[in-house]
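Below you'll find the structure, written out as structure tokens, and then a few comments.
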Amino acid sequence: MTKNNIPEMIDMVFDLGGGTLPAAYPVALWAALLRHVPQLAEEKLVGVLPLRATENKEGMLLTKRTKLALRLPQTLADNTAARLSGSSLQIGAISLQIGKYKPRAIQPYPTIHAQQVIGAGDEVLFMDDIRKQLSKMGIAAKLICGKRSALKGGQRSAHAYSLVAHDLKPEDSLQLQYAGLGEDRQFGCGIFIPYKVISGLSED
């Protein structure tokens, strides 16, 4: 356990067969994962990293390099890998084949980035809330707020911003990556990964 009793987390990275998903895929993807590993719903820290795909008029085109990455407590890793590897995920009319997997340790980078963090629609209110959350976690970081977006899918709709946290101490970097920020980690929100370029954004 890290400070604040957060369990040690790990990324499980699976090969993923190609196909085209709707742009609002995260809710359907999570539902498909739960059909194979229902235990994932019992741990609120479990997250599904956003898929790296090419967006076109039909949706999100998955390439041969697209991976399915799950962030989860190490205690769930073996069971999740056994249930998912070699299976297929049915998302609407699309069947995605899940291949081999590799565990990927989470490293304490000083600069990390989340593609979407759920929060208030107003940027000032959003950043005030983020600072309060970090203070409660005992984490010191400089913040850069990026572009506003929205999470959509099923009955879910929420405001979000991209966010960079930098000048992090190693223990704070690990804690923030383990715990995430905000809601909806199962839909790809609030999950931090290493980030090397922070130009073009305004610093808080």
**Message:** For the range 88-110, give me each residue that is surrounded by fewer than 18 Cβ atoms within 10 Å (Cβ to Cβ), touching a helix residue (DSSP H, G or I) at 6+ places or on another chain (Cβ under 7 Å) and modelled with pLDDT of 95 or more.
**Reply:** 103, 108, 110
**Message:** Just checking, does the range 64-85 include any residue being under 23 Å from residue 23 (Cα atoms) and at pLDDT below 90?
**Reply:** yes
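Looking only at the range 84-100, how many residues end up being more than 20 Å from residue 26 (Cβ to Cβ) and either of a type in the set (A, V, I, L, M) or in contact (Cβ under 8 Å) with a residue 24 or more places away in the chain (or both)?
3
For every residue, the table says whether it meets (1) at positive phi; (2) among the aromatic types (Phe, Trp, Tyr); (3) crowded, with 20+ Cβ neighbours inside 10 Å.
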position: 121; (1), (2), (3): no, no, no
position: 126; (1), (2), (3): no, yes, yes
position: 138; (1), (2), (3): yes, no, no
position: 149; (1), (2), (3): no, no, no
position: 163; (1), (2), (3): no, no, yes
**Message:** So in the range 25-70, with the set limited to residues that are touching a Gly at 6+ places or on another chain (Cβ under 9 Å) and among the hydroxyl-bearing types (Ser, Thr, Tyr), which one is nearest to residue 181 (Cα to Cα)?
**Reply:** 25
**Prompt:** Somewhere in the range 137-145, is a residue at pLDDT 95 or above, under 22 Å from residue 50 (Cβ atoms) and assigned to a helix (DSSP H, G or I)?
**Reply:** no
**Asked** Hey, any hits in the range 71-86 for a residue that's touching an Asp or Glu at 6+ places or on another chain (Cβ under 9 Å), closer than 30 Å to residue 171 by Cβ, basic (Lys, Arg) and surrounded by 18 or more Cβ atoms within 10 Å (Cβ to Cβ)?
**Response** yes
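For (1) out of contact with any Leu (no Cβ under 9 Å at 6 or more places or on another chain); (2) of a type in the set (Gly, Ala, Ser), each residue gets a yes or a no:
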{"residue": "110", "(1), (2)": "no, no"}
{"residue": "119", "(1), (2)": "no, yes"}
{"residue": "124", "(1), (2)": "yes, no"}
{"residue": "131", "(1), (2)": "no, no"}
{"residue": "141", "(1), (2)": "no, yes"}
{"residue": "148", "(1), (2)": "yes, no"}
{"residue": "152", "(1), (2)": "yes, no"}
{"residue": "157", "(1), (2)": "no, yes"}
{"residue": "161", "(1), (2)": "yes, no"}
**Request:** Name every residue in the range 74-101 that is hydrophobic (A, V, I, L, M, F, W, C) and either touching a strand residue (DSSP E or B) at 6+ places or on another chain (Cβ under 7 Å) or in a strand (DSSP E or B) (or both), in order of residue number.
**Result:** 77, 81, 84, 89, 91, 94, 96, 98
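In the set 10, 6, which member is touching a helix residue (DSSP H, G or I) at 6+ places or on another chain (Cβ under 6 Å), within 19 Å of residue 186 (Cα to Cα), modelled with pLDDT under 95 and not hydroxyl-bearing (Ser, Thr, Tyr)?
It is 6.
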**Asked** Taking the condition within 18 Å of residue 191 (Cβ to Cβ) and either among the hydroxyl-bearing types (Ser, Thr, Tyr) or assigned to a strand (DSSP E or B) (or both), does residue 24 pass?
**Response** no
**Request:** Name the single residue, out of those in the range 154-195 being part of a strand (DSSP E or B) and hydrophobic (A, V, I, L, M, F, W, C), that is farthest from residue 122 (Cα to Cα).
**Result:** 193
**Message:** I'd like the full set of residues that are over 20 Å from residue 158 (Cα atoms) and either at pLDDT below 95 or assigned to a strand (DSSP E or B) (or both), limited to the range 111-136.
**Reply:** 112
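The values are calculated or read from the model by the stated rules, or taken from the named source; none is laboratory data. Since the structure is predicted, the reported quantities are computational estimates derived from the model, not experimental observations. All Cβ positions, even for glycine, are placed from backbone atoms using ideal geometry, and neighbour counts span all protein chains on display.
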